[in-house]
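The values are calculated or read from the model by the stated rules, or taken from the named source; none is laboratory data. A quick note: this is a predicted structure, and the numbers were derived from the prediction, not measured. A quick note on method: Cβ atoms are made from the backbone with ideal geometry, for glycine too, and the neighbour counts reach across all protein chains shown. Each accessible area value is taken on the protein alone, full model and side chains, heavy atoms only, with ligands, DNA and RNA left out. Shrake-Rupley method; radii C 1.70, N 1.55, O 1.52, S 1.80 Å.
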Amino acid sequence: MPVDLDAYGAEAEEFLSSIDREYYLHYSGQQDEFEIEPIYERHASLFSRASVDSLREAGAAPALIEFAVQGLIGQELKAGAAELARREAEIELEWDGETVPFRSVAVLQANEPDADRRAELEDLRNELTATKLNPLTRELLERSHALAGELGWSSMRDLCQDLSGTDFGALAEQTERFLADTEDTYEPLVGPELETQLGLGFDRLRRSDLTAFFRAPSLDTGFPEERLVPSLTETLAGMGIDVDAQPGVTIDTERRPKKSPRAFCSPVRVPDEVYLVIAPVGGREDFAALFHEAGHTEHYAHVDASLPVEDRYLGDNSVTEGFAFLFEHLTSDPEWLRRRLGIEDPAPIVRHERAARLVFLRRYASKLAYELELHGGGSIEGLDAVYGRRLSEAVHVEWPTVSWLSDVDPFFYVARYLRAWALETHIRSALRERFGEAWFDEPEAGAFLRELWSAGQGAAGGEGILERVGGAELDFGAVRAEVHA
Ligand SMILES: [Zn+2]
């Protein structure tokens, strides 16, 4: 039976909205239950093989087919994924005579001032990952590869490329060039920052030190809790957006015992009901997280309501991630730091962010190259060594191979992030060119952004946004120029 595209789209929206509402209620600490299983059951037909086939036959929007295919694969793997989550939640280890849950070790490690103890923590974590988690993770990965084949694609790589419309080969060429071009500047730029934050340089750096480097607690002092939410509302006001008067936006700052410590955005109805949830604590990373999620929130809240569901909720996530990075970047922008937080010498924060971003970019560039092999359709035997080699070469640190399966976001989200970084740099330089260094204090810049946000992330995706900005190519030229500035 041919699929009724309007009815399918309406049901997809109902499903997405229900999932996001459940997520919002649970993680904001207002509801103990997190019952997404009944929602999946209620809408099981969205992810059936028949739906996928008829969407393809009907020539539905790729974003809608992608939604159906990812849902189908998710449904097939859900028992295994639930088992993996259960094991991960159960694993504990002994540390300083106390029992510590596996999932909290990463935070412990990021906050541990002693490098040898950080390495010990990571060894413990790696050992448990290898023995307790990797066998099942591998099984799930191979099953997803088999499903891509059953659905008629030659590999997971082809499936994702086909449905996302991103030419992964062309993107990888760009990111390889980025790696080559920043090879010589990498250590001179990052090394001094490692010394400042950790008291060691590349000669003694271990992978277990990286999260502590990103964490950089010495930079927290300029970011007090009482300025967290006001700095955001003032920034939006500077752009001509009165967030308290936005009917579609709720900023949830209430304290609740079971609220997630991490800020998140929940687009329950796009654009009419979007939640920005934060448990205000303060510190530099809290500001970055709040602004990142505020970028998502304002993007979703300004999407043109008349667009079809695939252009409001789905499609090229590089777009919403790009706006999230744009807002996040403000929290390390010297002019913003002066105006919103009264920081007289923002240079240390700016230098740290530049260095941390370069580590991230190079890490993700090498991850893309690795994932293209991992999902390329051949055997995955021995690819742990490929993963370790590529990451070691990019980050200039001996990279453990054990995370070759867990350090992979599904469906090439790595490409969305890379494209988002490129998109963000282009948008930011356009904003500075048109509205000056303090573009975030110009209502015209807000109007300019609202125009971009209204497009959603439809057919044109990141490239479409850039066309509106002035026709630049979505490439790494601007990112590279910024690294070398
Ligand atoms: Zn994001």
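Per-residue answers, yes or no, for (1) within 30 Å of D6 (Cβ to Cβ); (2) among the small types (G, A, S); (3) modelled with pLDDT of 95 or more:
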| site | (1), (2), (3) |
| --- | --- |
| L77 | yes, no, no |
| A85 | no, yes, no |
| I91 | no, no, no |
| V107 | no, no, no |
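Kindly check whether there is at least one residue in region 333-344 that is more than 13 Å from the ligand (Cβ to nearest atom), in contact with a Lys or Arg (Cβ under 8 Å, 6 or more places away or on another chain) and in a helix (DSSP H, G or I). Yes, there is a match, as at least one residue in region 333-344 is more than 13 Å from the ligand (Cβ to nearest atom), in contact with a Lys or Arg (Cβ under 8 Å, 6 or more places away or on another chain) and in a helix (DSSP H, G or I).
Note on region 353-391: residues that are open to solvent by 20 Å² or more (accessible area, probe 1.4 Å), under 21 Å from L189 (Cβ atoms) and of a type outside the set (D, E, K, R) total 2. Assessment of region 285-296 against the conditions (away from the ligand (no atom under 16 Å from the Cβ), touching a helix residue (DSSP H, G or I) at 6+ places or on another chain (Cβ under 8 Å) and open to solvent by less than 10 Å² (accessible area, probe 1.4 Å)) yields no matching residue. Applying the criterion of being open to solvent by 60 Å² or more (accessible area, probe 1.4 Å) and either β-branched (V, I, T) or assigned to a helix (DSSP H, G or I) (or both) to the residues of region 153-164, the residue that is farthest from F102 (Cα to Cα) is D162. One residue stands out in region 201-230 among those that are within 23 Å of the chain's Cα centre (by Cα) and of a type in the set (S, T, N, Q): the one that is least open to solvent (accessible area, probe 1.4 Å), namely S208.
Confirm whether E150 is touching a residue at least 40 places away in the same chain (Cβ under 8 Å), within 30 Å of S54 (Cα to Cα), exposed (fewer than 15 other Cβ atoms within 10 Å of the Cβ) and charged (D, E, K, R). So E150 fails the test.
Of all residue pairs spaced 6 or more apart or on separate chains, those with beta-carbon atoms under 6 Å, a first member in region 5-32 that is on the phi > 0 side of the Ramachandran plot and a second member that is charged (D, E, K, R) and open to solvent by 70 Å² or more (accessible area, probe 1.4 Å) are G29/K258. Confirm whether T175 is polar (S, T, N, Q), within 21 Å of the chain's Cα centre (by Cα), open to solvent by less than 10 Å² (accessible area, probe 1.4 Å) and on the phi < 0 side of the Ramachandran plot. Yes, satisfied. Consider region 304-321 and keep the residues that are hydrophobic (A, V, I, L, M, F, W, C) and away from the ligand (no atom under 16 Å from the Cβ). The one that is farthest from S454 (Cα to Cα) is V309.
Only one entry of D167, D184 meets the criterion of being open to solvent by 40 Å² or more (accessible area, probe 1.4 Å) and under 30 Å from G458 (Cβ atoms), and that entry is D167. Filtered by the rule that a residue be away from the ligand (no atom under 12 Å from the Cβ), open to solvent by less than 30 Å² (accessible area, probe 1.4 Å) and in a loop (DSSP other than H, G, I, E, B), region 253-284 gives K259, S260, V270, P271, I278, A279, P280, G282, G283.
Of the set (1) open to solvent by less than 20 Å² (accessible area, probe 1.4 Å); (2) farther than 30 Å from T131 by Cβ, all apply to R339 but (1).
Taking every residue in region 225-252 that is part of a helix (DSSP H, G or I) and pairing it with any residue that is at pLDDT below 95 and among the acidic types (D, E), at least 6 positions away or on another chain, the pairs with Cβ-Cβ distances below 9 Å are E225/D286; L228/D286; T233/D244.
Close Cβ contacts (under 8 Å, 6 or more residues apart or on different chains) running from residues in region 80-109 that are in contact (Cβ under 8 Å) with a residue 40 or more places away in the chain to residues that are open to solvent by 50 Å² or more (accessible area, probe 1.4 Å) and among the charged types (D, E, K, R) comprise G80/E139; G80/R143; R87/K132; E88/R103; I91/K132; A106/R125; Q109/R125. The residues in region 297-336 that are open to solvent by less than 20 Å² (accessible area, probe 1.4 Å) and among the acidic types (D, E) can be counted, and the count is 4. Of all residues in region 318-370, those that are farther than 30 Å from R389 by Cβ and of a type in the set (A, V, I, L, M) total 10.
Is it the case that some residue within region 384-398 is in a helix (DSSP H, G or I) and either basic (K, R) or more than 30 Å from E122 (Cα to Cα) (or both)? The answer is yes; a qualifying residue exists. Among the conditions (1) within 21 Å of the chain's Cα centre (by Cα); (2) open to solvent by 20 Å² or more (accessible area, probe 1.4 Å); (3) of a type outside the set (A, V, I, L, M, F, W, C), E41 misses just one, which is (1).
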